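K.L.:
Before I ask anything, here is the structure I am working with.
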Amino acid sequence: MKFNPDNKNDVDLLVDTIDAQIEDASIEMFEDGHRDHLGASLIGDSCSRKLWYLFRWVKPAKFDSATRTQGQVLRLFNRGHREEPAIIKLLEKSGHRFLPVPEGQDQHRITLKCNGHFGGSLDAVGYLPEIFNFDDQVLYEFKTAGETQFRRLKKAGVKADKPLHWAQMCVYGKDKGIHHGLYLCVNKNTDEIYIEFLVLDWNLAETMEMKAEAIIEADEAPAKIAMSASHFVCKWCNFKDVCHYDEPVDVNCRSCKHSKAVENSQWKCKLADQVIPKDVVKLGCELHEGI
């Protein structure tokens, strides 16, 4: 076929093809699949059962919706990552000084905890401009938000409106020995910036680490946060059908009742009484029994 720019059918086909190609490229570039560890960025979620399902790989994340394609949602999630270098440049121009990422790493990371199954990565660590005469290290967290979420954040503040972000920063701060954090959120619609300087709560961090340990070590799902799938917390949850309607789980070793998280970020099969090779964990076997 030779493209004819004067032919409406050719032009329509061109537009549809490029759109489909971008959709496929977005999924290939940004869909990372299951996460190996339970992330500090999620540990503040109010539903421990949801986090347990996530950690045990009962089903893949669902990114599409009635109004958005999978690729569009993944691009929205990636928007925050694209924003970070620009924010750091603006802050550096304003006198903030940032520590380099440790050699051999792509991000600042906390020490893996709970036998290597609980971890997370920081956006930046650095110092306020010298004019403030503040010598302590500061943990930096960068976020983006749509108009509605941004206005709600400005009104209520990080602790009240973004408990996951608050818990995440506290866990990072305790791990790094940092007491203060600077939270910066960019409005994706207007580029307005909201900033909060926070005193991090190490006691909350300790509570979150204990919560992570309980989830990781649990052989059975924690209690439901609500008994109805129509509850506002459950309505849009990725695991609603597994939790409330007994939908079968995906087949892999982590979603099997015979597996157990053990030391060194590994998984053990209780039937075979041996550590499962990492490349086998994602496959499962014929003896799989869903959790």
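K.L.:
Calculate the length of the line joining the C-alpha centroid of region 215-291 to that of region 183-205, in whole Å.
P.N.:
Using only Cα atoms to place each centre, the spacing works out to 33 Å.
K.L.:
Please find, in a Gaussian network model of the chain (springs between Cα atoms separated by less than 10 Å), the residue of His179, His231, His258 whose mean-square fluctuation is greatest.
P.N.:
With Cα springs under 10 Å in the chain, the top fluctuation among His179, His231, His258 is at His231.
K.L.:
Another one. Find me the longest stretch of the chain that has none of the exposed chymotrypsin sites (Phe, Trp or Tyr not before Pro), where exposed means in a DSSP loop (not H, G, I, E or B) with at most 15 other Cβ atoms within 10 Å.
P.N.:
Free of exposed loop sites, the longest segment is 4-133.
K.L.:
Starting from 0.36 nm per residue, how many nanometres of slack lie between Gln105 and Glu92 once their C-alpha separation is accounted for?
P.N.:
On the way: separation 13, 0.36 × 13 = 4.68 nm, distance 2.13 nm.
Taking 0.36 nm per residue and subtracting the Cα distance, the gain is 2.6 nm.
K.L.:
With runs of 4+ DSSP H residues as the only contributors, calculate the mean residue ellipticity of the chain at 222 nm using -39,500 (n - 2.57) per run, divided by the residue total and rounded to the nearest 500.
P.N.:
After summing the helix terms and dividing by the residues of the chain, the value is -11500 deg cm²/dmol.
K.L.:
From the phi angles alone, apply the Karplus equation (6.51, -1.76, 1.60; θ = phi - 60°) to region 156-173 and give each ³J(HN,Hα) in whole Hz, x where the residue is Gly or Pro.
P.N.:
9, x, 4, 4, 7, 8, 10, x, 5, 5, 5, 4, 4, 5, 5, 4, 4, x
K.L.:
Take Ile22, Ile216 and order them by how many other Cβ atoms sit within 10 Å, fewest up front.
P.N.:
Details: Ile22 14, Ile216 21.
Fewest-to-most ranking of Ile22, Ile216: Ile22, Ile216.
K.L.:
Let me ask something else. Would you mind estimating how fast the chain diffuses translationally, via Stokes-Einstein at 10 °C and 1.306 mPa s with the Kirkwood radius over Cα pairs, in µm²/s? Let's see the in-between values first.
P.N.:
Values: Rh = 21.6 Å.
Reported coefficient: 74 µm²/s.
K.L.:
Now for a different question. Short version: ³J(HN,Hα) in whole Hz for each residue of region 104-120, in order, from phi by Karplus 6.51 cos²θ - 1.76 cosθ + 1.60 (θ = phi - 60°), x for Gly and Pro, what are they?
P.N.:
x, 10, 9, 8, 6, 10, 7, 5, 4, 10, 6, 6, x, 9, 10, x, x
K.L.:
Short version: ³J(HN,Hα) in whole Hz for each residue of region 72-81, in order, from phi by Karplus 6.51 cos²θ - 1.76 cosθ + 1.60 (θ = phi - 60°), x for Gly and Pro, what are they?
P.N.:
Along region 72-81, the couplings run 4, 5, 5, 5, 4, 4, 6, 4, x, 5 Hz.
K.L.:
Right, here's the next one. Ratio of Rg to Rh for region 207-291, alpha carbon only, Kirkwood? Walk me through the intermediate numbers first.
P.N.:
Values: Rg = 14.6 Å, Rh = 14.4 Å.
Radius of gyration relative to Kirkwood radius: 1.02.
K.L.:
Can you tell me what share of the DSSP beta bridges in the chain is antiparallel? A percent to the nearest 5 is fine. It would help to have the intermediate numbers written out before the result.
P.N.:
Numbers: 22 of 32 bridges.
Of those bridges, close to 70 percent are antiparallel.
K.L.:
Kindly give the semi-axes, whole Å and largest first, of the ellipsoid equivalent to region 8-112, taking each as the square root of 5 times a Cα gyration tensor eigenvalue.
P.N.:
Numbers: eigenvalues 199, 123, 31 Å².
After scaling each eigenvalue by five and taking roots: 32, 25, 12 Å.
K.L.:
Now for a separate question. Distance check, please: which entries in Lys143/Lys188; Lys113/Lys162; Lys59/Lys224; Lys257/Lys278 exceed 19 angstrom between their Cα atoms? Provide the component values of the computation, followed by the final result.
P.N.:
Numbers: Lys143/Lys188 10 Å; Lys113/Lys162 23 Å; Lys59/Lys224 17 Å; Lys257/Lys278 17 Å.
Over 19 Å Cα-Cα: Lys113/Lys162.
K.L.:
Can I ask one more? Could you tell me whether region 251-291 comes out rounded, prolate or oblate from its Cα gyration tensor? Rule is a ≥ b ≥ c as square roots of the eigenvalues, rounded for a/c under 1.5, then prolate if a/b exceeds b/c, otherwise oblate. Walk me through the intermediate numbers first.
P.N.:
Numbers: a/c = 1.64, a/b = 1.38, b/c = 1.18.
Prolate shape, in that a/c is at least 1.5 and a/b is the bigger ratio.
K.L.:
List the relative contact order of region 127-261 as a percent without decimals, with contacts defined as Cα pairs under 8 Å and 6+ residues apart.
P.N.:
19
Every number in this text was worked out from the coordinates using simple rules, so none of it is lab data. Keep in mind that what you see is a predicted model, and the values were worked out from it rather than measured. A quick note on method: Cβ atoms are made from the backbone with ideal geometry, for glycine too, and the neighbour counts reach across all protein chains shown.
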